[in-house]
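The structure appears below as structure tokens.
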Amino acid sequence: MSNPAHATRGRSGPPRPRRRHRRWLRRWLSARGRRLEITRSGWLFILLTIAVGFAAINSGANLLHAIFGAQMTLILGSGVLSEATLRRVKVRRVLRGPLHASEPGLIDVELTNSDARRDVLAVSVEDDDDYEDPGHCEPVFAVRIGPRETLRLTARVVMPTRGRHDLPRAVVATRFPFGLFVKRRELPVDAEVLVYPRRVLARIGDRTTPHDGPPHGTGRRARDGEFLGLRAYRDGDELRRLHWPATARLGQPVVREHEAGTGARVRLTLRPGTAGDPAFEAEVEHAAAEAGLRLRDDGVRLELEYGDRVVVPAGSGPAQHRRVLDFLAEVG
């Protein structure tokens, strides 16, 4: 029997970014995942080199020949040094937390120098402008990466729509050493990330209905409710739950525990629809917001019904909210 949670997901996968039409010079200077772009300073230096070369040929002056040779050496040396810089850099991008559509999320960009003796200087990681990608990730820049060092930088990433998507295509680039050229190396496509529905203002509507009897005590622990007892403080406990008299008496931090009530079991209903339809997308966003609002109460157990099937069984707390968001990210 097929899982209802997966039966609503698309089979074709996320849309791939389209490659932009590149100018002939850029295509000519691109090969094997490498791209070379001449900066304004680079064009000026090349024109000056050509002028010195013509002057050296016409005049036969040894000094002009020497200057021309030095300029050609700088151009060739720039290409060799920039290629060596890019070859030593390894890049890994890791999403730091949940990502919601049309909202900035945090991503860690790890740059590693694979060389054991030499530094890596002046490298950046930025979006690949050869592709029309709807997502966008802020560029990051590293001035220096020591031998065998890993530098972790934080950037913001924005994905416009919910669903399972690739992160925006990226390149690692450098202007090292003279700023005459920008050399880029294409990075492999990252693993897919799950983008949750856009966050909207939560409101209680006709999507939720009580599903069983009145609330009663469960004996489970919660942040609020009937007093259950005291226990030793653990990392992560809220300071407002400290029981100061017992803490002073015992000489160690002690916190209060409360009993959670079940509350009414709630069923959240979502009508079937198609991804991309504005009305359906609005329903999905409000369903996600309403689920988060309901699940703030420790005792509430919420389940999600899509069409005529319960696709997310009843549960409570942040873990249940994550399960609901996982389904809503790809529904339709």
Q | For peptides 151-162, 170-181, sequence by mean Cβ density within 10 Å, most packed first | A | 170-181, 151-162
Q. Using all Cα-Cα distances in the range 43-103, what percent lands in each 10 angstrom bin from 0 up to the longest?
A. 18, 27, 17, 14, 11, 9, 4
Q. When the Debye formula is applied to the Cα atoms of the range 67-176, each taken as the same point scatterer, what base-10 log of I(q)/I(0) results at q = 0.11, 0.14 Å⁻¹?
A. -0.43, -0.63
**Q.** Karplus-derived HN-Hα couplings along the range 290-297 (A = 6.51, B = -1.76, C = 1.60, θ = phi - 60°), whole Hz, x at Gly and Pro
**A.** 5, 4, x, 5, 5, 7, 5, 7
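With a 10 Å radius around each residue's Cβ, average the other Cβ atoms per peptide and rank 266-279, 186-199, highest first.
On the way: 266-279: 15.1, 186-199: 17.1.
Result, highest mean first: 186-199, 266-279.
Any read-out appearing in this document is the output of simple, stated calculations on the displayed coordinates, not a laboratory observation. A quick note: this is a predicted structure, and the numbers were derived from the prediction, not measured. A quick note on method: Cβ atoms are made from the backbone with ideal geometry, for glycine too, and the neighbour counts reach across all protein chains shown.
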